[in-house]
Every structure is written in C-alpha cells, then in structure tokens.
Amino acid sequence: MQPEIQPKGLMDTRGKFLVYLVICRVNNLPYVGVIYGKSQTVIHRWHEHCNPVPSKQHFRLETAIREHGIDNFTIEVLDKADTRALLMSKERFYIRLYDSYYNGYNGSLGGGVFPIVFSAEHRRNMSIARRGKNRGNTSGLGYKHTAQAKRKISEALRNRPPISDETRAKLRKGQANRHPISDETRLKMREAARGNKRCFGRIISESTRLKMAAAKLGTHRSEETKRKIGQSQLGRKCPYMVANKIWLGRKHTDEARRKMSEAQKARYAAIAT
C-alpha cells in the first residue's frame, strides 16, 4: 500500500537529488529523508521504510510505521539539489527547520552528522545505566568483580603465554616509530594528570600495607633486573615526593638507616606472627 504523495507532479523522481518529508497523521511528527540513487524514486524509498532490513528495524520511522500503520503517513517532496554535497546541506537545513531529530523520527542531524548533544534527561538516564559498570579506558574505577570473576582473571593471567621475541621486536619497532610528543601535548597531559589521580597521596591502611608486604615477602630480583631499574631511575624525581623535594640518589644518614631497618624488621615480624 502506498501513502498519500504531495505534490502529485513530483511522483516521477527517478535519478534526481531530492529531499522529502514524511508526516505521521496520528501525532504530526515529521521525518526528513533524501534520495540520491539513480534508480530510486519516492515510492522505492517508501517501500524501503516499510520493509526495512533487520539492521534498520529499530529505527524511529520504521518503528512508527509498524506501530501506526502505513495508511497514517503522507510523503511530500520538499526540495531538489544538483549535487550530493548540496543535497546533504539541504537535508541538515530541513531537519533543523522541522525539528525532526528532537521532535520527530530522524535519528541523526542529517548530512552524515550524528548527534553529539544529549538532553539533560538523556544524560541522566545514561549516567544511571552506567553506574558501577566498567567505563572502558578508566581501569573500571568503582567496579566490583565477583569472586568467580576474580578467580578467572587470576587464572588467565597466570596461564598467559610469555611474549615471543618476534612480538617484542614488533613492540620495540612500534615504539621507535612513534611521532615525538609536542610541547603543547605534553602540557595538556601534565594538566590532565594534576590532582588526586593514580592514587597519588592516597593513605594506605596498615592492614593493606601488611598484605602488600606479605605478597612481596620472599621475592628476590636478579642482579640484572636491579641494575636495569637503577639505570632507568638515575636522575629521575619521585613523582609522589616532589612536594617534599625528595630526590632519588639522596644519601641517608646512619641514624636514618638504622630507624628504617628497625621498622622493616618489626613489620616482617608482625607478618610472620
């Protein structure tokens, strides 16, 4: 079944760049579409809306057609264009004119421009839906894994195969070919890292300290590893001690060494008991 098409003289639209308007008689909500295929007509485009492929069945207009019925829609040819670029520009214009994205059936702002501005209600709903969930590249801050998930993650990490020499060579090559970071980018990274991030300044409880110490107890680094760590740290500042002006390579007094040694012995004794 075909909807009412206005104006009648524009039914033969094959091979033209056209902007058309669909109106739902039930709620007067609009949809602005375009035709730019050589073999497409308004009728062909309407049939696509009425018989969408599976990936488009959830689109706004297609859902409304199923809900209200084909007979409750009309189509009107609004404008035409000589080029595809002009057609995309006119599509954006008419979507704004009819407000068919915010109060209609368009799912984007037209012309290949997808919406980036959400309403306050939409942002609130997204926030509620994302609470407590892993937010991608934020290390899952605030997300609580179940005991089963923790066990699976632990097993996967323990059984992970070592990185092959070929992969290591590719990683080194990739790092060597990276573009140098500009001073402007470094400044932005520095500003973004300011504040209480990466647990800088975090106060660790005594029970957590004991657990961390117990996990490290009995582990020994090889001399080669110690040498590499020492070379990599030469001349570097402790990032979490900059405020106290403490520098790596500082020589402790004998009294300070004795106090640190006694504190470590007392801690290991507490762990052993």
* To do: Only residues in the range 65-85 that are without any contact (Cβ under 8 Å) to a residue 60 or more places away in the chain count as the first member; pair them with residues that are hydroxyl-bearing (Ser, Thr, Tyr) and exposed (fewer than 15 other Cβ atoms within 10 Å of the Cβ), Cβ under 9 angstrom, at least 6 apart or cross-chain, and list the lot.
  => none
* Structure fact -> Within the range 226-240, restricting to residues that are part of a helix (DSSP H, G or I) and more than 30 Å from ALA269 (Cβ to Cβ), the one that is modelled with the lowest pLDDT is SER232
* **Residues of the range 72-91 classified as in a helix (DSSP H, G or I) and touching a strand residue (DSSP E or B) at 6+ places or on another chain (Cβ under 9 Å), total** => 8
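A quick yes/no check of all residues on (1) surrounded by 10 or more Cβ atoms within 10 Å (Cβ to Cβ); (2) modelled with pLDDT of 75 or more:
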| position | (1), (2) |
| --- | --- |
| MET212 | yes, yes |
| GLU224 | no, yes |
| ALA243 | no, no |
| MET260 | yes, yes |
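The values are calculated or read from the model by the stated rules, or taken from the named source; none is laboratory data. What you see is a predicted model; the values in this text were computed from it and never measured. Please note: Cβ atoms are built from the backbone with ideal geometry, for glycine as well, and neighbour counts cover all protein chains shown.
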